[in-house]
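Colleague: The structure under discussion is supplied below as structure tokens; questions concerning it will follow.
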Amino acid sequence: MLRHPACAIPALLILAAAAALRAEDAPAAPPAPPASALPQTMPAADAPAGDSRPVLTLGQCVADALAKNFSVRIQNYSVDQARAGVIIAQSTYDPILGVNWQRSVNKSADSITQLVQTTSAANSTTGAAATTTTSVITTYPQSDNQATSVSATQNLLTGGQVVANYNLGRDQSFPASQFLDPVYLGTASLSVSQPLLAGAGTSYARALIQIAQLNGKISELSFKSTVLSTIFNVETAYFNVVFARQQYEVDKDAVKLAQQLLDENTVKRRTGVMTDLDVVQAQAGLASAQTTVISGKQVLDNDEDTLLQAMGVTDFRLPVGPIEVPPAPSGEVSFDLSYKLARDNGPSLAVIEATIEQNQLTALRAKTNNRPQLGVTGGAGYDTAQNSYSNAATKVWSGPGYNWEAGLTLSFPWGLRQNKALYRQAMDSVAAEKATLDQSDQALTVQVRSGVRSVLANRQSVASATQNVALSQKQYDLQKAEFDNGLATSYDVLQAQNQLENARVTLIQSEVNLRIAIADLHFLEGTSLDLYHVDLKP
């Protein structure tokens, strides 16, 4: 899992000491560094003495990542969008209320000419006879109408629709065109439509809401997967920084040893014990060790940037301070337990199962649509004409006017070829997702088996590397004792020193690999959320 293999002390250090030295002419061997694997707290590289920055724990890194990481933030918006999609699907069955008011005034441009006859009665006093006068009157017809309507529409889970309307209006015209002028009209009506074959049934209507709910579930599972991946990435980056810092310290120790060897060889050349070749070899060893330190510092800086990136940090000018190395969990691991946790908690299979349910609902709707379109409609209403708004509003239910209607419609494409093809596509999607589920379950089984083996193997590697460090330390002590007694050369001591440093680096790498293997198993099990007390509930 680690991207950076452990580096040994440069081989040129050994070549520089290849010339055999008499024990009586050689200086004392450098002391062996204390045996250690991973310290509890690891300071920043090249940090000044008394660095007062707070220790950055793995838990703090995870908390910062979940609060700031871009992938987590983006996926969280997807969850919110999916939840809004459920509301949108449910709102299809919310009642729709409507109010409409309208007034229209019309005056005709064409005049109407009327002959009006006026007859005066005979006057008995004066003896005047009755007379008839005919006059011509020209008028322009006009009307002034107002209408107010209130409506309510309700979509039904059966696929039908109910519409209720209530209207009040006033019609006035000049010249008068009806007995009541103005006339006040009241109308109340109710209409119903219902499909009987295609598009009918509560299962068909509820399917869209259930699909939206499953889409919300998939978004939440994807968010969980993003969180688990973010935690694992932070853990991996954190442990890579641990290894890179420890490796960097080993590289700096190698520079110190190379410098010490160069100083010793320079002194011995002056006394005639060594040649110019020995000094040049020591200089080459020092240059090689310094190059390794430069490369190691670059790797460390890159690893710290990777950790900051995983944490969602945007200001990279502040370096990572001291970090705390958590102990490796020592609990037992088994395939049966880890596989059960992965099945119960892991989001990958749950996403596919939810997708299968979505495709099954889509197939149900396609099957329902694979029928002729047969629908029934019906409606009834009352209306009245009165001399005031109040009478029109109160007497509409008693008539005397009424109306009703009923109808039946049937239509279907010849052969229903399109609907049959859509149903076949939906069933193929269900079968394909079931095959994907089996494939993913197989892959999960292999991943869990590999993860359990990795934890067990790395625990054995840590035990073996710990024993190797102890034996290498003992070998170094024996070699140093022989050197002190004139029975070994400086080359032999440095070779033992090199083997001891390699053993310590191998132990460090084994312990880091073990922690990453455990983190990977927690990722597969979905238990990282409990480990860091992460609650994904809204």
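Colleague: List the residues of region 183-217 whose backbone N lies under 12 Å from a point placed 7 Å from the Cα of residue 412 along the Cα-to-Cβ direction.
Modeller: Only 197-198 pass the distance filter.
Colleague: Further, regarding this structure: Through the Karplus equation 6.51 cos²θ - 1.76 cosθ + 1.60, θ set to phi - 60°, convert the phi angles of region 224-237 into ³J(HN,Hα) values in whole Hz; use x for Gly and Pro.
Modeller: 4, 4, 5, 5, 4, 5, 5, 4, 5, 5, 5, 4, 4, 5
Colleague: Same structure, new question: Cβ neighbours within 10 Å, averaged per peptide: list 438-448, 353-363 in order, most packed at the top.
Modeller: In decreasing order of mean packing, 438-448, 353-363 become 353-363, 438-448.
Colleague: How charged is the neighbourhood of residue 364? Take every other residue with its Cβ under 13 Å from the Cβ of residue 364, and add Lys/Arg as +1 and Asp/Glu as -1.
Modeller: Its environment carries a net charge of +3.
Colleague: Once you have the Cα-Cα distance between residue 421 and residue 174, take 0.36 nm times their residue separation minus that, and quote the gain in nm to one decimal.
Modeller: 82.6 nm
Colleague: If I take R0 = 51 Å and measure r between the Cβ atoms of residue 478 and residue 324 in this structure, what FRET efficiency does the formula 1/(1 + (r/R0)^6) give, to the nearest 0.05?
Modeller: That pair, residue 478 with residue 324, gives E of 0.90.
Colleague: Would you list, by chain and number, the lysines whose Cα falls below 30 Å from the Cα of residue 297, excluding same-chain residues fewer than 8 positions away?
Modeller: 68, 252, 256
Colleague: Here is a follow-up. Under 22 Å from the Cα of residue 367, which lysines turn up, not counting those fewer than eight places away in the same chain?
Modeller: Candidates past the 8-residue exclusion: 420, 434.
No lab work stands behind these numbers, since they all come straight from the coordinates. These numbers come from a predicted model, not from an experiment. Virtual Cβ from ideal backbone geometry, glycine too; neighbours counted across all protein chains shown.
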